[in-house]
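Since every read-out is calculated from the coordinates, none of them should be taken as a lab result. None of these values were measured; they are calculated from a predicted model. Reconstructed Cβ throughout: ideal geometry from the backbone, glycine too, with neighbour counts over all protein chains shown.
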Amino acid sequence: MTLDSKIPAGPLDKKWTSFKNTAKIIAPNNKRKFEIIIVGSGLAGAAAAATLGEQGFNIKCFCYQDSPRRAHSIAAQGGINAAKNYQNDGDSTFRLFYDTIKGGDFRAREANVYRLAEVSANIIDQCVAQGVPFAREYGGLLANRSFGGAQVSRTFYARGQTGQQLLLGAYQALEAQVARGSVKMFPRTEMLDLVLVDGHAKGIVVRDMITGEITTHAGDAVLLCTGGYGNVFYLSTNAKGCNVTATYRAHKRGALFANPCYTQIHPTCIPVSGDYQSKLTLMSESLRNDGRVWAPKRKEDCGKNPSDIPEDARDYYLERKYPSYGNLAPRDISSRAAKEACDDGRGVGPGGRGVYLDFSDAIKRFSQPVIEEKYGNLFEMYENITGEDAYKRPMRIYPAVHYTMGGLWVDYNLMSNIPGLHVLGEANFSDHGANRLGASALMQGLADGYFVIPYTIGDYLSTQFGKKVDPKHPAFEETRREVMERTQRLLNIKGNRSVDSFHRELGLLLWDKCGMARDKAGLTEALERIPQLREEFWKTVSVPGSGAELNQSLEKAGRVADFLEFGELMCLDALTREESCGGHFRSEHQTPDGEALRHDEDYMHVAAWKYEGAGNKATVVKEPLVYETVKPATRSYK
Ligand SMILES: Cc1cc2nc3c(=O)[nH]c(=O)nc-3n(C[C@H](O)[C@H](O)[C@H](O)COP(=O)(O)OP(=O)(O)OC[C@H]3O[C@@H](n4cnc5c(N)ncnc54)[C@H](O)[C@@H]3O)c2cc1C
């Protein structure tokens, strides 16, 4: 199998314009003839549904929450990047593009990333027009702050609630279309499978989460906007509901899963506090604009009150190791540096797994009210969780799983290798390479939904005139039957071990063997253990209740069953990629000073995995990454 990424010809900065000038589009009077299924109504899905609905397509939009407003996007705190150069500090489309490519350790596609940088400015205009209350400077202009991996201030924010405000903007645009009748919303409805007719994605199988009814929906194209899979690790900063089911089940129907091992571990989270914790909390990266990260220089100081540790006994390790970016070094690098300090016995707090994020200098420089104005809600959240006042005592932070750069493989049109199946937002693999820079996920989700798919979907739909599928086609009933059998199989096990206990064991194993650092021995061990755990699951899991009612154990069991297969794919990908790049750090491949060591000659490609049937090893299809404009170099933030 070969992959055609459909990158337009021509110079990098003209590709998107020339694509738009020549794209196949559907005439206004024909748009209403097409029905598009959109799964997910977070930023990517809501933006796509609102825009395509406004254009005149008929949209059916599905989510498992009770309202699109509760999508995980609402949790995003810090901000959204855009190359507006409001600060006049040297930003440009090219600089945002270059920072993103370099941030991803030269493992993303140039053309997609350049397009993302190009449309970033449109996103801000669109959101302002919707009334999103971005922070403003005294004079009324939109304010910016800095995020990791950039030396300019290009991050637009709404205090520590940027995702919430952006989602409310997208939600109201979506609701306007619901009111107009162009979008029909299906909340509390979980997609459990993809229906293929003659090899094209033509529908989905869903379960009504209140009544348990399992039904099918037919459409002319399917868009998956179902978010990331960070919860495979059990503990993460993601909302508890985030899962891999939609993308993994599409994978089992033939969609290639690209770079599943690329996971982002965020350096600034509240450390784990106990064995039975089920969720981790992010302290936004924006805090590193003003907070300084440090660990004690001497092990003996770790138990002391931080204010009793004098300045010269503190190791501001990011400022020391990466003087040009300092506390704003990218996430993968900052996370590894925190781990290194803790592995060295210099961690603070319970279990020695924490470092300090200290605001005392910033408070002296700007005053407490100024810091409160910028980050007040984050300080409150920290105090609610830890009982500590971070204005008086440095925050304790430690890395945690946060985002997944891997996802279903898509071409320039955001279409997977299954014709008709498009994938947007965190669910696809496309723009972030091996490490995502802060504030670029919101940018990508909204770019995909508001500005990319509305232009690219015509390429597929224009081939579908007169090919509407009959919802009575046997493929629908057959897929529905398979879903029902699987659901019943879970209910019939009637074992004695909880779904959560399997999830926790899998998560700990992955954190240990496929987390911040990976090696051949650990990954091989995980690849032996995961199939055993999966077998135990299918023999001993306890799923109480029935399928014909609200049954959260059943919902979780289905998702954990997918994680138990997907975790193996992650480890296989991590084992196969014999190099370190971005968040994928193979201990065997590092520079003498402990930085990631890439092997471009062998691994400058996207690893897209093909499902080969239950119990069989997945096979890899490679998409070579060709850099025509940038010259891949060793990533340095020193
Ligand atoms: C705590 C936190 C803070 C963050 N802060 C930032 C930030 O400041 N800046 C930034 O750029 N990024 C940030 N991120 C990342 C960013 O929030 C996400 O990557 C982004 O919001 C994902 O948007 P999405 O639309 O792709 O998916 P989501 O918002 O996760 O939406 C997924 C949608 O899919 C639906 N869905 C999923 N599976 C199914 C199914 N099987 N059936 C039906 N529906 C389904 C869900 O119901 C939901 O509607 C943060 C992430 C976290 C965890």
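Using a cutoff of 8 angstrom between alpha carbon atoms and counting only pairs six or more residues apart, the relative contact order for the chain works out to 20 percent. For trypsin sites (Lys or Arg not before Pro), the sites in region 455-499 that DSSP calls loop and that have at most 14 other Cβ atoms within 10 Å are K467, K468, K472, K494. Convex hull volume of the C-alpha atoms in region 25-109, normalised per residue: 173 Å³. Projecting label points 7 angstrom from Cα along Cα→Cβ for Q172 and S307 puts them 4.4 nm apart.
The angle between the Cα long axis of helix 331-343 and the longest principal axis of the Cα atoms of the chain comes to about 50 degrees, rounded to the nearest 10. Under 5 Å between amide hydrogens, built in the peptide plane, is the criterion, and for Q264 it picks out H402, Y403, T404, M405 among residues at least 5 positions away or on other chains.
In this Cβ point-charge picture (+1 for Lys and Arg, -1 for Asp and Glu), region 476-624 has a dipole of about 660 debye about its Cα centre.
Among bridges DSSP assigns within the chain, what percent are antiparallel (round to 5)? Bridges in the chain are about 70 percent antiparallel. Relative to one another, the C-alpha centroids of region 277-349 and region 558-632 are positioned 29 Å apart. The order of T540, T93, T245, going from fewest to most other C-beta atoms within 10 Å of their C-beta, is T540, T93, T245. If you fit an axis through the alpha-carbon atoms of helix 43-55 and take the longest principal axis of the Cα set of the chain, what angle between them do you get, 0 to 90°, nearest 10? Between the helix axis and the principal axis of the chain, the angle is about 40 degrees. Viscosity 0.692 mPa s, temperature 37 °C: give me the Stokes-Einstein translational D for region 436-501 in µm²/s, with Rh taken as the Kirkwood radius over C-alpha pairs. Result for D is 194 µm²/s. When Rg and the Kirkwood radius Rh are both evaluated on Cα atoms of region 267-401, their ratio Rg/Rh stands at 0.93. Near A548, once Lys and Arg are set to +1 and Asp and Glu to -1 for all other residues with Cβ below 13 Å from its Cβ, the sum equals -2. Packing around the peptides 158-168, 108-118, taken as the average count of other Cβ atoms within 10 Å per residue, puts them in this order, highest first: 108-118, 158-168. Computed over region 297-349, the Cα gyration tensor eigenvalues convert (square root of 5λ each) into semi-axes of 21, 13, 8 Å, ordered from largest to smallest.
Taking the fewest neighbouring Cβ atoms within 10 Å as the starting point, the ordered list for V178, V370 is V370, V178. Around A574, what is the net charge, scoring Lys/Arg as +1 and Asp/Glu as -1 over all other residues with Cβ under 9 Å from its Cβ? My count for the surroundings of A574 gives +3. Per the Debye formula on identical point scatterers at the alpha carbon atoms of the chain, with no solvent, log10 I(q)/I(0) at q = 0.08 Å⁻¹ is -0.54.
Taking the 0 to 90 degree range and rounding to the nearest ten, how far is the long axis of helix 93-103 tilted relative to the main principal axis of the chain, both from C-alpha atoms? On a 0 to 90 degree scale, this one is about 80. If you find the alpha carbon centre of region 400-435 and of region 59-102, how far apart are they in angstrom? So the two Cα centres are separated by 15 Å. For region 476-624, the orientation-averaged shadow of the C-alpha convex hull comes to 10.7 nm² (one quarter of the hull surface). Ordering Y611, Y248, Y627 from the fewest to the most neighbouring beta carbons within 10 Å gives Y627, Y611, Y248. Taking a 31 Å limit on the Cα-Cα distance, which of the listed pairs K299/K392; K240/K539; K102/K304; K60/K556; K102/K184; K60/K84 fall beyond it? Pairs exceeding 31 Å: K102/K304; K102/K184; K60/K84.
The relative contact order of region 476-624 comes to 23 percent, based on Cα pairs under 8 Å that sit 6 or more residues apart. Protection proxy ranking for 86-92, 521-527, using the average of other Cβ atoms within 10 Å per residue and placing the highest first: 521-527, 86-92.
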